[in-house]
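The values are calculated or read from the model by the stated rules, or taken from the named source; none is laboratory data. None of the values given here were measured: they were computed from a predicted structure. So basically every Cβ, Gly included, is an ideal-geometry build from the backbone, and we count neighbours across all protein chains shown. Heavy atoms of the whole protein, side chains included, go into the accessibility calculation; ligands, DNA and RNA do not. Shrake-Rupley method; radii C 1.70, N 1.55, O 1.52, S 1.80 Å.
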Amino acid sequence: MIDRVSLYEAPHVHQGATTRRIMWTVIATLVPAGAWAVWIYGWRALVVILVSVAAALLGELIGNLLSRRFTLRDGSAVLSGLLIAYTLPAGVPLYVPIAAALFAMLVIKASFGGLGTNWMNPAVGGQVFAYFSWSGALSAWVTPRFWPQGIATGPPLGLSPLEYIASHSVDGAHLAGKVSAALLHSYPVSTAAEATASWISDSLRLTIDPHFVDLFFGNVPGALGGVSVLLLLLGSIHLFRRRIITWQAPVAFLTSFLALVWVFGGLPANRGWFAGAPVLQLFSGATVLAALYLISDPVTTPLAGRGMVIFGIGTGIFAFLIRVFGAAGESVFMAILLMNVAVPAINRLTEKRLNETARS
Amino acid sequence: MKPRGHKLQESEKDERTGLGTGLWKRNPIVGTALGLCPALAVSYRVDNAIALGAAVFAILLLTAATMMPIGMQVPLRYRFMLQLVVSSALAAVAELLFQAYAPSVASRLGIYVPIIAVNCLVLGGAEHFGSRSTWGGALLQRLIEGLGFFVALLVISVVREVLGSGTITLFRMGTFDGVVHVGALESHPASLFGYAAGALIVLGYLQALAEWVSRARKERGA
Amino acid sequence: MSYIGIIVTFVFVNNVALTQLLGLCPALGVTKRMESTVGLGVAVTVVAAIASLITWLFDHLVLVPLGVEFLQIIVVVLSAAGTAHGLEWIVSKSSKGLRDSIGLFLPLVTANCAVVGVALIAARSGYGPLESFVAGASGGAGAMMAMLLLSTLREKMESEWVPKALRGTPITLITAGLMAMAFLAFDKAFLVKLIG
């Protein structure tokens with residue numbers, strides 16, 4: 001069996017590690033976030049994860065049979081399956097991750113020839129396929145463990161933060177803008193978060209709303225792998241140190257996205273300029289998961305550093321537009337897909353630069 | 001009849017296999033999706049596909065039948081324009097007929113009925129203005145192409161509607177309300193296939209399937 | 001609808017090629033070379049804009065007063081073909097550069113689904129003359145954008161790794177389909193919220 005380095009378009013970039021080692025390292029850094037999800041949402045979360053991974057492996061197997069390559073052991077299918085599960089809620093009907101994973105492996109990946117040949121991010125594409133096919137099922141949020149007792153899972157409470165805000169605004173006008181204190185107050189918050197917030201205000205003299213504590217640690221209804229901002233950040237540190245992911249795309253994405261939210265976010269609700277809520281947007285809707293793990297897929301993103309920056313900025317712009325004017329939660333995913341389409345064009349624009357630096 | 005052992009030329013093979021080849025080779029699924037793209041847009045329901053497919057079939061035949069005797073009288077330069085006029089007139093008539101006798105179908109098909117006027121398949125027959133003796137064969141060829149188109153559109157619409165809505169919507173007949181429900185899929189259909197995006201993907205795979213089958217056949221035959 | 005609304009609708013929300021599935025036929029074949037794609041795209045855009053305007057004129061000056069709206073498709077097709085021929089004639093008398101860049105593609109646009117489709121939609125949406133022109137141009141531009149994006153993905157579609165049965169048209173269709181799926185992000189709700 002050939003150990004295959006990711007198949008980039010020429011020129012080929014040499015990497016120190018094999019594809020397999022990279023994949024499994026990434027998977028390892030994602031485990032904490034998944035474990036957290038299982039802890040706060042219950043065993044159903046684990047079932048979703050396992051089903052998704054299994055379906056991805058099955059899809060990859062079938063794809064292998066068709067393309068006569070054997071890549072099951074390189075971890076890419078497991079990673080895609082994991083990422084798909086991480087973008088879904090814990091209560092999602094199981095046919096959703098199965099279909100999403102199969103679509104991702106067979107249509108998006110295997111049809112183009114397997115690992116390294118696809119232009120669309122398989123996990124993100126699978127998730128968006130699921131969204132447009134079964135959008136209702138994707139709101140099956142589960143109440144997190146540390147919420148106050150007696151909170152129901154169905155509407156109106158038990159909605160994800162973004163959904164809650166959207167449901168209380170006129171045409172989603174508040175979505176990116178500063179949330180009113182009253183609205184914030186009416187959303188459940190855990191006692192642990194309140195305790196933490198008061199500790200911070202006592203010892204660090206910093207007043208933060210306890211809801212943000214919940215959001216940061218991941219104690220809200222949300223996507224399995226997207227809620228725990230803390231654990232995702234910690235996991236990614238290792239990836240950055242090993243240079244498995246580069247800083248350009250995530251930083252470009254987050255900067256442009258948050259800046260746009262901050263500057264323009266309040267406009268639709270007539271709150272004026274610079275009235276957006278960037279921190280809220282950062283901590284919800286799997287933004288962090290996308291920024292650290294989805295945007296940095298080496299196969300479907302530009303080669304050069306410059307290209308990565310363009311890619312990140314484009315994703316940020318689209319994510320902002322779609323989150324404010326379109327489908328809130330999945331906006332980042334759709335933004336990534338739109339930029340995937342533009343990647344070859346971006347590569348061509350930044351190509352000259354790459355050749356020059358390679359020669360020097 | 002050619003003596004045995006004589007190597008058949010490709011064109012002779014076509015004559016021999018006539019109907020089979022026409023339905024298979026010239027079929028838009030195996031061929032280049034000729035003229036299918038606009039029709040795809042309405043293929044999210046089977047009854048739409050049947051209606052549009054029938055319309056394309058009729059217009060295809062009538063355009064060919066009209067152009068054959070007239071075509072030769074007209075200088076080459078104007079032949080295409082004349083064909084456009086004929087196909088547009090027929091499309092206008094088709095739209096009127098739909099609006100008069102099947103208004104609900106007409107409103108669903110919208111602009112896709114008049115667009116038959118510039119359908120690649122309908123307009124693609126300009127080369128068949130041979131001598132009178134070949135008209136019959138040429139017309140038969142067009143008929144087969146039209147049938148192929150109809151079948152292709154039907155297959156696509158069945159796949160799309162079953163996956164996308166869990167139903168197969170046919171026309172009302174007596175007590176049958178026209179809708180065939182496909183069990184489990186109807187409660188959780190994969191709505192993506194109801195969109196244009198799904199249509200393109202379905203067509204892509206159906207073409208690949210047809211290609212694969214024809215390759216397998218060739219290998220077996222050769 | 002405002003002009004911005006028209007542009008956003010025809011280019012993103014109801015992209016002529018990716019949502020209405022018009023104008024894909026040439027796109028599937030011509031996307032081999034970037035220059036050809038641009039040339040074809042510009043030709044489609046220009047002809048669509050002019051044809052939409054001409055259709056509006058005929059619609060309001062001839063068809064409606066005479067009560068013969070059912071002849072609309074004939075008018076649309078002939079104005080599209082006429083525009084294409086007229087432009088061809090004009091271009092043939094002008095610079096070689098213009099001839100090479102657009103002139104080659106005008107004959108292809110004579111009976112193009114995208115042009116006819118956009119003109120029809122514009123005519124049936126109750127736009128005014130300038131709005132029809134803008135709609136036609138936007139529709140054509142949307143088709144061109146789809147074609148260009150598709151052509152940049154050509155390498156991925158022609159790679160030797162693509163399974164044999166999928167090579168050629170099938171994988172192109174699937175690629176277009178995946179692109180269309182990405183564009184689903186822009187839907188009616190998006191437009192309404194954006195324009196307000």
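Here are the numbers for this structure:
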| item | result |
| --- | --- |
| The listed residue being at pLDDT 70 or above, part of a loop (DSSP other than H, G, I, E, B) and either more than 14 Å from chain C (Cβ to nearest Cβ) or within 24 Å of A:Tyr41 (Cβ to Cβ) (or both), out of A:Thr117, A:Thr143, A:Thr196, A:Thr153 | A:Thr143 |
| Residues satisfying the stated conditions in the range B:90-101, i.e. more than 8 Å from every other protein chain (Cβ to nearest Cβ) and open to solvent by less than 30 Å² (accessible area, probe 1.4 Å) | B:Ala94 |
| Conditions (1) surrounded by 17 or more Cβ atoms within 10 Å (Cβ to Cβ); (2) without any contact (Cβ under 8 Å) to a residue 24 or more places away in the chain; (3) of a type outside the set (Val, Ile, Thr); (4) outside any helix (DSSP H, G or I); number of the one not met by A:Arg205 | (1) |
| Of all residues making up the range A:256-291, the number that are more than 18 Å from A:Val128 (Cα to Cα) and either modelled with pLDDT of 85 or more or not small (Gly, Ala, Ser) (or both) | 21 |
| Residue count, the range B:61-89 (criterion: farther than 20 Å from B:Leu140 by Cα, in contact (Cβ under 8 Å) with a residue 24 or more places away in the chain and within 10 Å of another protein chain (Cβ to nearest Cβ)) | 3 |
| Conditions (1) out of contact with any helix residue (DSSP H, G or I) (no Cβ under 7 Å at 6 or more places or on another chain); (2) under 24 Å from B:Leu36 (Cα atoms): number failed by C:Asp100 | (2) |
| Hits in the range C:121-147 - residues which are more than 12 Å from the chain's Cα centre (by Cα) and within 9 Å of another protein chain (Cβ to nearest Cβ) | C:Arg124 |
| Residue in the range B:70-89 that is modelled with pLDDT under 90, among the basic types (Lys, Arg) and surrounded by fewer than 17 Cβ atoms within 10 Å (Cβ to Cβ) present | yes |
| Neighbours by Cβ (under 8 Å, 6+ apart or cross-chain): first from the range A:208-219, in a loop (DSSP other than H, G, I, E, B); second among the charged types (D, E, K, R) | A:Asn219/A:Arg145 |
| Residue count for the range C:146-179, restricted to those that are part of a helix (DSSP H, G or I) and out of contact with any Ser or Thr (no Cβ under 8 Å at 6 or more places or on another chain) | 14 |
| Number of positions in the range A:98-108 that are crowded, with 24+ Cβ neighbours inside 10 Å and either closer than 22 Å to A:Leu162 by Cα or more than 19 Å from the chain's Cα centre (by Cα) (or both) | 1 |
| Residue list for the range A:299-347, filter: more than 9 Å from every other protein chain (Cβ to nearest Cβ) and in a loop (DSSP other than H, G, I, E, B) | A:Val299, A:Thr300, A:Thr301, A:Pro302, A:Leu303, A:Ala304, A:Ala328, A:Gly329 |
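For every residue, the table says whether it meets (1) part of a helix (DSSP H, G or I); (2) modelled with pLDDT of 90 or more; (3) open to solvent by 10 Å² or more (accessible area, probe 1.4 Å).
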site	(1), (2), (3)
C:Gly136	yes, yes, no
C:Gly139	yes, yes, no
C:Met144	yes, yes, yes
C:Met181	yes, yes, no
C:Leu191	yes, no, yes
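Listed here are the residues, each with its yes/no results for (1) in contact (Cβ under 8 Å) with a residue 24 or more places away in the chain; (2) open to solvent by 20 Å² or more (accessible area, probe 1.4 Å); (3) more than 15 Å from the chain's Cα centre (by Cα); (4) within 14 Å of chain C (Cβ to nearest Cβ).
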site	(1), (2), (3), (4)
A:Thr255	yes, yes, yes, no
A:Gly265	yes, no, yes, yes
A:Gly272	no, yes, yes, no
A:Ala277	yes, no, yes, no
A:Gln281	yes, no, no, no
A:Ala291	yes, no, no, no
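Matching residues to (1) surrounded by fewer than 19 Cβ atoms within 10 Å (Cβ to Cβ); (2) among the polar types (S, T, N, Q); (3) in contact with a Gly (Cβ under 6 Å, 6 or more places away or on another chain):
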residue: A:Trp24; (1), (2), (3): yes, no, yes
residue: A:Val31; (1), (2), (3): yes, no, no
residue: A:Ala37; (1), (2), (3): no, no, no
residue: A:Ile40; (1), (2), (3): no, no, no
residue: A:Val47; (1), (2), (3): yes, no, no
residue: A:Val51; (1), (2), (3): no, no, no
residue: A:Ala55; (1), (2), (3): no, no, no
residue: A:Glu60; (1), (2), (3): no, no, no
